[in-house]
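A.B. asks: Here you go, one structure.
The values are calculated or read from the model by the stated rules, or taken from the named source; none is laboratory data. Remember, it's a predicted structure, so these values are computed and weren't measured experimentally. Quick reminder, even Gly has a Cβ in these numbers, built from the backbone with ideal geometry, and neighbours come from all protein chains shown.
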């Protein structure tokens, strides 16, 4: 039986990680889903919301609500923080009783982060991947604390063939991205990013894995600046892997 | 804040030039506290239940603050103390100076108190020709250094022992080695005489028990007992948010406080002060004065979301766990209170015009929310205050720079307009092509250089929609 899911690609995902999106589609199709892509989607409004511009965020969120519409098809996204936005903050943007509030309520209940959907909703931990490398895992803040996903990504990684998970010191400490924070206070962001990068390099792992495009852009940039060969990878890239590192 | 407008707090400017020794010293100390805290929390089976109980009882107290404050006043008075109400810092200072003049104090000894830092009491004493002596080791050090505290429970956390030794040599003219035991002995010797000479002792209080009119003072150095019992007159300056209904409530909060702060089960000294001495045969001061400080707290109380800020019991745990605080130190936050709690408290107390940079000094990572013993929803309040700053609310008009507000409108327009968003996604990779090499961009024009000056940026790639169209070609349209 073909079950439908809707892709919520996120703006950062679409602009910077199209390969991750393609791999996500491939995995979902392999699992027997019919993948839909509501083409009117743009951004969930999180950058504006976190900046304090709720009125502006509301305008963007409204577009999101109409792009995905009503219905009960699960919406799956490769970003913990964007799902956190849809699940926890959309409701605040529209007054209770309004049609949009009801639409947002429905969306909050059917929008899932990718690892959450696989492990919690489908009970799947093994997607048949092979990745013969040492890997460290960075727990993205909104993924971990916003959605409460402490083990899901690690369960998926643990089931990957020939992978070796190495512990990352201060795994749960923020990498310094923080959306607008990274450009409002770049020097502080850098200090946090450098601490994260030092910890990652110290593990000796070939790759660091996270579940959010923002963190990955920050960490990857930091690793590159440090002259490190460690790859910053989205969880999905590892799960789509069938052998070599690339 | 009567009279003078609060000074604009430049978190950003400070953060660009943090003295490199500060993060090192701060991370060492906070790391130690967090380690012992984790051990204490692990021993407690009911930690989460305690946090919830503490949160509930703090909210309950705040909701009925008028009742508990009146009861407190009655009980303090009945125990022989005197209560003063201070609407703002100036009134509080005037009360304290009046009491000092009344007893003819030339010198006063002080226990570490954030409330007196808040009202700038030491400066007021000096202006009035009265010499204040801080007696907590950390406060003693920063008083010598001429700065405010950089952490609410360890005020001199930003200094390494070598720096403290150098400060002692410079200010006290003694031969001070960089050894904590020796430095403590030097301070102790200098302070002993101050305790004996001072007519007046000043303290804050961690809690005020309404049921019995009892001041609760938690310290680790014993200086608290000296300050509140040796001088003839004891003055306590305490925020109105510190009241707790009864002793049962107090036990819940005491269980959480030391464990969250320093990882101790209980602080070395927990003093319960109920009134002055009852007869000349007893120890303790002849007079007890309690100055209850509002200074904007009742205004915070009126804001339903932000009200939870006042649940704070000043354990400092949110500072210890905050990666931002640990990289900038306390001075970046511009007032006596720093870290995540400072980022929400200060802009409410001093206003979002002066404090507009602080709510943005967070990645919203939520580590503070996880550890807060009274469950203050710090990230939620940060967002609430960001909204006040960006677009204004009932409390204050917007204070964000005009350029930021215009940029937000442009961002909304381009993100919420489908064709414009898709056009941008196609044009940007072409525009930035000359800047990209190996998929990375090392330089971008202002204001985007704020990303690239710190780390390179991955080049825009896009192309998902084209891939999708090809991938689903021939599929019956959904």
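A.B. asks: Just the residues that are more than 13 Å from chain B (Cβ to nearest Cβ) and out of contact with any strand residue (DSSP E or B) (no Cβ under 7 Å at 6 or more places or on another chain), please, taken from the stretch A:58-78.
C.D. replies: Result: A:70, A:72.
A.B. asks: Let me ask something else. Are there helices (runs of 4 or more DSSP H) fully within the stretch A:1-90 with at least 3 residues that are in the same structural domain as residue A:112 (by TED's automatic domain parsing) and over 29 Å from residue B:383 (Cβ atoms)? List them.
C.D. replies: A:18-30
A.B. asks: Then there's this: Listed residues A:177, A:181; which is closer than 26 Å to residue A:225 by Cβ and either in the same structural domain as residue A:117 (by TED's automatic domain parsing) or in contact (Cβ under 8 Å) with a residue 12 or more places away in the chain (or both)?
C.D. replies: Exactly one residue qualifies, and that residue is A:177.
A.B. asks: Please determine whether any residue of the stretch A:202-211 is closer than 24 Å to residue A:81 by Cα, in contact (Cβ under 8 Å) with a residue 24 or more places away in the chain and within 12 Å of chain B (Cβ to nearest Cβ). Please lay out each step first, then the result.
C.D. replies: In the first step, residues of the stretch A:202-211 are kept if they are closer than 24 Å to residue A:81 by Cα; the result is A:207-211.
Then drop every residue that is not in contact (Cβ under 8 Å) with a residue 24 or more places away in the chain, which leaves A:207-211.
When the remaining residues are screened for being within 12 Å of chain B (Cβ to nearest Cβ), the result is none.
No, the stretch A:202-211 has no match at all.
A.B. asks: Out of (1) more than 9 Å from every other protein chain (Cβ to nearest Cβ); (2) in contact with a helix residue (DSSP H, G or I) (Cβ under 9 Å, 6 or more places away or on another chain), what's the single condition that is false for residue B:383?
C.D. replies: That leaves (1) as the condition not met.
A.B. asks: Taking into account only those residues within the stretch B:440-474 that are more than 22 Å from residue A:194 (Cβ to Cβ), in a loop (DSSP other than H, G, I, E, B) and touching a strand residue (DSSP E or B) at 6+ places or on another chain (Cβ under 9 Å), which is nearest to the other protein chains (Cβ to nearest Cβ)?
C.D. replies: Checking each candidate, the answer is B:460.
A.B. asks: Moving on to the next point. Would you confirm, using the coordinates I've provided, whether residue A:39 is closer than 26 Å to residue B:466 by Cβ and either without any contact (Cβ under 8 Å) to a residue 24 or more places away in the chain or touching a helix residue (DSSP H, G or I) at 6+ places or on another chain (Cβ under 9 Å) (or both)?
C.D. replies: So residue A:39 fits the description; yes.
A.B. asks: Going by what's in this entry, would residue B:411 be described as within 23 Å of residue A:84 (Cα to Cα), modelled with pLDDT of 95 or more, at the interface with another protein chain (Cβ under 8 Å from one of its Cβ atoms) and in a helix (DSSP H, G or I)?
C.D. replies: no
A.B. asks: Of the numbered conditions (1) closer than 21 Å to residue B:439 by Cα; (2) surrounded by fewer than 19 Cβ atoms within 10 Å (Cβ to Cβ), residue A:215 satisfies every one except a single condition; which is it?
C.D. replies: (2)
A.B. asks: Let me ask something else about it. As an exercise: evaluate residue A:55 against (1) touching a residue at least 12 places away in the same chain (Cβ under 8 Å); (2) within 30 Å of residue B:406 (Cβ to Cβ); (3) within 11 Å of another protein chain (Cβ to nearest Cβ) and give the number of the one condition it does not meet.
C.D. replies: In the conditions (1) touching a residue at least 12 places away in the same chain (Cβ under 8 Å); (2) within 30 Å of residue B:406 (Cβ to Cβ); (3) within 11 Å of another protein chain (Cβ to nearest Cβ), residue A:55 misses (1) alone.
A.B. asks: Then there's this: For the stretch B:77-96, indicate whether the set of residues that are touching a strand residue (DSSP E or B) at 6+ places or on another chain (Cβ under 8 Å), surrounded by 20 or more Cβ atoms within 10 Å (Cβ to Cβ) and not in a helix (DSSP H, G or I) is non-empty.
C.D. replies: Yes; the residues of the stretch B:77-96 include at least one that is touching a strand residue (DSSP E or B) at 6+ places or on another chain (Cβ under 8 Å), surrounded by 20 or more Cβ atoms within 10 Å (Cβ to Cβ) and not in a helix (DSSP H, G or I).
Per-residue answers, yes or no, for (1) loosely packed, with under 15 Cβ neighbours inside 10 Å; (2) at positive phi; (3) at the interface with chain A (Cβ under 7 Å from one of its Cβ atoms):
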| site | (1), (2), (3) |
| --- | --- |
| B:398 | no, no, no |
| B:402 | yes, no, no |
| B:407 | no, no, no |
| B:425 | no, no, yes |
| B:431 | yes, no, no |
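A.B. asks: Then there's this: Please go through the stretch B:1-20 and pick out each residue that is away from chain A (no Cβ under 14 Å) and touching a residue at least 40 places away in the same chain (Cβ under 8 Å). Steps first, please.
C.D. replies: As a first pass, look at the stretch B:1-20 and keep what is away from chain A (no Cβ under 14 Å): B:1-8.
If the condition is that a residue be away from chain A (no Cβ under 14 Å) and touching a residue at least 40 places away in the same chain (Cβ under 8 Å), then B:1, B:2, B:3, B:5, B:6, B:7, B:8 are the ones that fit.
A.B. asks: Out of the residues in the stretch B:363-380 meeting the condition of being in a loop (DSSP other than H, G, I, E, B) and facing chain A (nearest Cβ under 9 Å), tell me which one is surrounded by the fewest Cβ atoms within 10 Å (Cβ to Cβ).
C.D. replies: Selected residue: B:366.
A.B. asks: With farther than 23 Å from residue B:5 by Cα and part of a helix (DSSP H, G or I) as the only criterion, which of B:288, B:266, B:253 stands out? Write out each step before concluding.
C.D. replies: Working: B:288 fails: part of a helix (DSSP H, G or I); B:266 fails: part of a helix (DSSP H, G or I).
One residue alone meets the criteria, B:253.
A.B. asks: Given the criteria more than 11 Å from chain A (Cβ to nearest Cβ), surrounded by fewer than 24 Cβ atoms within 10 Å (Cβ to Cβ) and touching a residue at least 12 places away in the same chain (Cβ under 8 Å), does residue B:342 qualify?
C.D. replies: No.
A.B. asks: Answer yes or no: is there a residue in the stretch A:78-87 that is surrounded by fewer than 17 Cβ atoms within 10 Å (Cβ to Cβ), under 30 Å from residue A:63 (Cα atoms), out of contact with any helix residue (DSSP H, G or I) (no Cβ under 6 Å at 6 or more places or on another chain) and in contact (Cβ under 8 Å) with a residue 24 or more places away in the chain.
C.D. replies: no
A.B. asks: Quick one: how many residues across the stretch A:120-158 are touching a residue at least 12 places away in the same chain (Cβ under 8 Å), in contact with a helix residue (DSSP H, G or I) (Cβ under 8 Å, 6 or more places away or on another chain) and more than 22 Å from residue A:207 (Cα to Cα)?
C.D. replies: Selection size over the stretch A:120-158: 4.
A.B. asks: Would you call residue B:412 touching a residue at least 40 places away in the same chain (Cβ under 8 Å) and surrounded by fewer than 23 Cβ atoms within 10 Å (Cβ to Cβ)?
C.D. replies: no
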